[in-house]
Amino acid sequence: MKLINAKASPFGRKVMLSAHELGLTDKITVQEEMANPVNHNPVIIAHNPAGKIPCLLLDNGEALFDSRVICEYLDHLAGGGKLFPRNDKRWAVLRLMSVADEALGAALLVRYETVMRPENLRWQDWQTGQMKKIDQSFALLEKSVAQLAEITIGTLTVGAFCGYLDFRFPQHDWRSANPKLAAWYAEFSQRPSMQATRPD
């Protein structure tokens with residue numbers, strides 16, 4: 001399998017975290033490509049019409065995209081039920097993943113607004129609104145720390161989210177208002193999978 005990815009992508013990191021935790025990294029070749037929401041990368045577009053990463057190319061020539069789909073496929077390859085529970089815990093795990101995914105989406109919108117949009121066209125209220133979504137997500141995760149004890153797709157996505165904020169928004173102090181989550185992340189970030197997937 002080949003994963004079209006960028007190490008700086010938090011959604012790509014979620015996929016690689018899953019591959020590491022499931023012991024599947026030796027089955028995946030990574031092809032680094034840059035995605036751009038305006039000037040679409042033709043390499044990515046050839047497999048994913050949305051032009052987004054990550055994109056997993058299967059050995060049969062088919063492509064899977066959206067990190068949630070790719071991660072569940074990897075879980076299936078590893079026997080199933082490892083990162084995506086098959087019992088009633090599934091819904092709490094998917095909720096964690098959804099909270100972190102949505103917050104990551106907001107973070108990417110702020111990133112695009114501040115890096116890609118011409119300075120005279122940037123909208124401060126838009127950025128403030130997206131950062132508010134991020135802080136509201138942190139507040140919910142602070143109340144859900146007990147659910148992060150097991151390694152699931154939820155915990156991996158939360159880990160990728162916290163890591164992305166530190167990487168792209170180091171000036172944003174999310175730890176002060178969320179001490180329990182900060183303590184969890186301090187330990188979780190030392191896992192071999194997290195260390196191996198740190199963005200440059």
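Miscellaneous remarks
- Distance-filtered residues of region 105-139 - backbone nitrogen under 18 Å, label point 7 angstrom along Val38 Cα→Cβ: 108-124, 126-127
- log₁₀ of I(q)/I(0) at q = 0.09, 0.17, 0.18, 0.19 Å⁻¹ - the chain, Debye sum with one point per alpha carbon: -0.33, -1.19, -1.31, -1.43
- Neighbour net charge for Ala196 - beta-carbon separation under 11 angstrom, K R +1, D E -1: +3
- Residue-span extension gain [Asp166 to Asp135] - 0.36 nm each, minus C-alpha spacing: 9.8 nm
- Ligands, DNA and RNA left out, the accessible area of the chain computed with a 1.4 Å probe is 53% carbon and sulfur.
- Helical runs assigned H by DSSP (4 residues or longer) give the chain a calculated mean residue ellipticity at 222 nm of -17000 deg cm²/dmol, each run adding -39500 (n - 2.57) before division by the residue total.
- Taken one residue at a time, the phi angles of region 3-10 give Karplus couplings (6.51, -1.76, 1.60, θ = phi - 60°) of 9, 7, 7, 9, 4, 7, 6, x Hz. Gly and Pro are set to x.
- Value of D in µm² per second that Stokes-Einstein yields for region 91-200, Kirkwood Rh from Cα pairs, at 4 °C (1.567 mPa s): 90 µm²/s
- Taking a ≥ b ≥ c as the square roots of the eigenvalues of the alpha-carbon gyration tensor, region 135-200 is classed oblate because a/c is 1.5 or more while a/b is no larger than b/c.
- If both residues of a DSSP beta bridge must be in the chain, then about 60% of such bridges are antiparallel.
- When the charge dipole of region 69-192 is built from unit charges on Cβ atoms (+1 for Lys and Arg, -1 for Asp and Glu) and taken about the Cα centre, the candidate among Gly163, Ile153, Trp174 whose Cα reaches farthest toward its positive end is Ile153.
- The lysine pair count for the chain, using Cα distances under 18 Å and pairs eight or more places apart or on different chains, is 13.
- Once the chain from Ala63 to Arg90 is taken as fully extended at 0.36 nm per residue, the excess over their C-alpha distance is 7.2 nm.
- What separates the Cα centres of region 88-120 and region 12-44 is a distance of 17 Å.
- Accessible surface calculations at 1.4 Å, restricted to protein heavy atoms, place the chain at 52 Å² per residue.
- Among the trypsin sites (Lys or Arg not before Pro) in region 152-200, none sits in a DSSP loop with a Cβ that has at most 10 other Cβ atoms within 10 Å.
- Once exposed loop GluC sites (Glu not before Pro) are cut out (DSSP; at most 13 other Cβ, 10 Å), longest piece of the chain: 63-149
- Contour minus Cα-Cα distance for Asn120 and Arg175 (0.36 nm per residue): 16.6 nm
- Relative contact order of the chain, taken over Cα pairs closer than 8 Å and 6 or more residues apart, is 24 percent.
The values are calculated or read from the model by the stated rules, or taken from the named source; none is laboratory data. Since the model is a prediction, treat every value here as computed from it, not as a measurement. When we count neighbours, we look across all protein chains shown, and the Cβ atoms used for this are built from the backbone with ideal geometry, even at glycine. Only protein heavy atoms, including side chains, enter the accessible area calculation; ligands, DNA and RNA are left aside. Shrake-Rupley method; radii C 1.70, N 1.55, O 1.52, S 1.80 Å.
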